[in-house]
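The values are calculated or read from the model by the stated rules, or taken from the named source; none is laboratory data. Everything numeric here is computed off the predicted structure, so don't read it as measured data. Here the Cβ positions follow ideal geometry from the backbone for every residue, glycine too, while neighbour counts run over all protein chains shown.
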Amino acid sequence: MLKLNLRRKGKRRVPTRTPEPLSVPRQHNESWSMDFMSDALSYGHRFRTLNILDDFNRQALAIEVDTS
(Lines give C-alpha, C1' and ligand atoms only; values in the text may rest on other atoms or scores of the structure.)
Protein backbone atom coordinates (compact mmCIF):
# COMPACT_ATOMS: atom_id res chain seq x y z
CA MET A 1 0.00 0.00 0.00
CA LEU A 2 1.40 3.43 -0.99
CA LYS A 3 -0.46 5.50 1.64
CA LEU A 4 -1.29 8.30 -0.81
CA ASN A 5 -4.04 9.73 1.38
CA LEU A 6 -3.64 13.48 1.72
CA ARG A 7 -4.93 15.44 4.65
CA ARG A 8 -7.82 17.72 3.69
CA LYS A 9 -7.51 21.30 4.78
CA GLY A 10 -10.60 22.98 6.15
CA LYS A 11 -11.90 26.24 4.78
CA ARG A 12 -10.52 29.37 6.35
CA ARG A 13 -13.16 31.70 7.60
CA VAL A 14 -12.80 35.35 6.71
CA PRO A 15 -13.47 37.61 9.69
CA THR A 16 -16.69 39.58 9.40
CA ARG A 17 -16.16 43.14 8.26
CA THR A 18 -18.18 46.10 9.35
CA PRO A 19 -18.80 48.48 6.45
CA GLU A 20 -17.77 52.06 7.09
CA PRO A 21 -19.56 54.95 5.40
CA LEU A 22 -17.56 56.84 2.78
CA SER A 23 -16.18 60.18 3.83
CA VAL A 24 -17.95 63.14 2.27
CA PRO A 25 -15.69 66.06 1.31
CA ARG A 26 -16.77 69.40 2.79
CA GLN A 27 -15.04 71.74 0.34
CA HIS A 28 -13.43 71.92 -3.10
CA ASN A 29 -10.05 70.20 -3.65
CA GLU A 30 -10.32 68.18 -0.44
CA SER A 31 -10.57 64.81 -2.21
CA TRP A 32 -9.94 63.80 -5.82
CA SER A 33 -10.60 60.59 -7.73
CA MET A 34 -8.82 59.08 -10.74
CA ASP A 35 -10.26 56.65 -13.25
CA PHE A 36 -9.19 55.11 -16.56
CA MET A 37 -11.69 54.61 -19.35
CA SER A 38 -11.16 53.07 -22.77
CA ASP A 39 -13.11 53.10 -26.01
CA ALA A 40 -12.64 52.57 -29.74
CA LEU A 41 -13.35 54.78 -32.71
CA SER A 42 -15.62 53.60 -35.53
CA TYR A 43 -12.66 52.39 -37.60
CA GLY A 44 -11.22 50.34 -34.70
CA HIS A 45 -8.56 52.69 -33.30
CA ARG A 46 -8.48 52.27 -29.49
CA PHE A 47 -7.80 55.07 -27.01
CA ARG A 48 -7.80 55.54 -23.24
CA THR A 49 -8.63 58.49 -21.05
CA LEU A 50 -7.42 59.33 -17.56
CA ASN A 51 -10.11 61.30 -15.73
CA ILE A 52 -9.41 63.30 -12.58
CA LEU A 53 -12.53 64.39 -10.68
CA ASP A 54 -13.18 66.62 -7.68
CA ASP A 55 -15.30 64.53 -5.31
CA PHE A 56 -17.06 67.54 -3.78
CA ASN A 57 -18.91 68.67 -6.91
CA ARG A 58 -18.06 65.83 -9.35
CA GLN A 59 -16.34 68.31 -11.68
CA ALA A 60 -13.76 66.95 -14.13
CA LEU A 61 -10.48 68.69 -13.34
CA ALA A 62 -8.50 67.05 -16.15
CA ILE A 63 -9.00 64.51 -18.90
CA GLU A 64 -5.87 63.13 -20.59
CA VAL A 65 -6.42 61.18 -23.82
CA ASP A 66 -3.83 58.85 -25.35
CA THR A 67 -3.59 55.75 -27.50
CA SER A 68 -2.44 52.25 -26.53
- request: Go through (1) of a type in the set (Gly, Ala, Ser); (2) out of contact with any Leu (no Cβ under 9 Å at 6 or more places or on another chain); (3) modelled with pLDDT of 95 or more one by one and return the number of the condition Gly10 breaks.
  value: (3)
- request: Could you tell me whether the range 15-27 includes any residue that is within 23 Å of the chain's Cα centre (by Cα), surrounded by fewer than 10 Cβ atoms within 10 Å (Cβ to Cβ) and hydrophobic (A, V, I, L, M, F, W, C)?
  value: yes
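Could you grab me the full set of residues in the range 17-52 that are charged (D, E, K, R) and either in contact (Cβ under 8 Å) with a residue 40 or more places away in the chain or more than 11 Å from Thr67 (Cα to Cα) (or both)? Can you show your working first?
Here is the first cut: in the range 17-52, the residues charged (D, E, K, R) are 17, 20, 26, 30, 35, 39, 46, 48.
Passing the criteria: Arg17, Glu20, Arg26, Glu30, Asp35.
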